[in-house]
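Some notes on the structure that comes next.
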Amino acid sequence: MGARYQFRIMEIKERGKNIVVSRRMLLQEEHEKKLQETLAALRPDLELEGRVTKLTEYGAFVDIGGSKGWSMCPRSPGHASAIRLKSCSPVKR
């Protein structure tokens, strides 16, 4: 309680006695804006930081500013949790 958040007003009924707000709608709009900015800045050979969201035996899924990227990084046996993305080869589309 007492935390402050921004909301999008979706509907006003009964002369303001019933107001429907959505935080999810606002968050989706912010995510879409961030995604579009990221996609506009992407180009081949660009180096950027990302957050690994999932590791598989073949590589890693990386969040790069709202968009998911894939990096091929086979993990060596016995090092299931260790991965160095700087040495991985990105998959090009």
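Could you look through the range 9-20, keep only residues that are modelled with pLDDT under 90 and either outside any loop (DSSP other than H, G, I, E, B) or touching a Phe, Trp or Tyr at 6+ places or on another chain (Cβ under 9 Å) (or both), and pick out the one that is nearest to I64 (Cα to Cα)?
Of the residues in the range 9-20, the ones modelled with pLDDT under 90 are 14-17.
Narrowing further to those that are either outside any loop (DSSP other than H, G, I, E, B) or touching a Phe, Trp or Tyr at 6+ places or on another chain (Cβ under 9 Å) (or both): 14-16.
Numbers: E14: 44, R15: 44, G16: 41 Å.
Among residues in the range 9-20 that are modelled with pLDDT under 90 and either outside any loop (DSSP other than H, G, I, E, B) or touching a Phe, Trp or Tyr at 6+ places or on another chain (Cβ under 9 Å) (or both), the one nearest to I64 (Cα to Cα) is G16.
Looking only at the range 22-69, residues that are within 30 Å of M10 (Cα to Cα) and either out of contact with any strand residue (DSSP E or B) (no Cβ under 9 Å at 6 or more places or on another chain) or in the same structural domain as I12 (by TED's automatic domain parsing) (or both) come to 22 in all. Is there any pair with a first residue in the range 40-65 that is on the phi > 0 side of the Ramachandran plot and a second that is in a loop (DSSP other than H, G, I, E, B) and surrounded by 15 or more Cβ atoms within 10 Å (Cβ to Cβ) whose Cβ atoms are under 6 Å apart and which are 6 or more apart or on different chains, and what are they? Matching pairs, first to second residue: G59/C73.
The values are calculated or read from the model by the stated rules, or taken from the named source; none is laboratory data. Since the structure is predicted, the reported quantities are computational estimates derived from the model, not experimental observations. Positions of Cβ are generated from backbone atoms using ideal geometry, with glycine treated the same way; all protein chains shown enter the neighbour counts.
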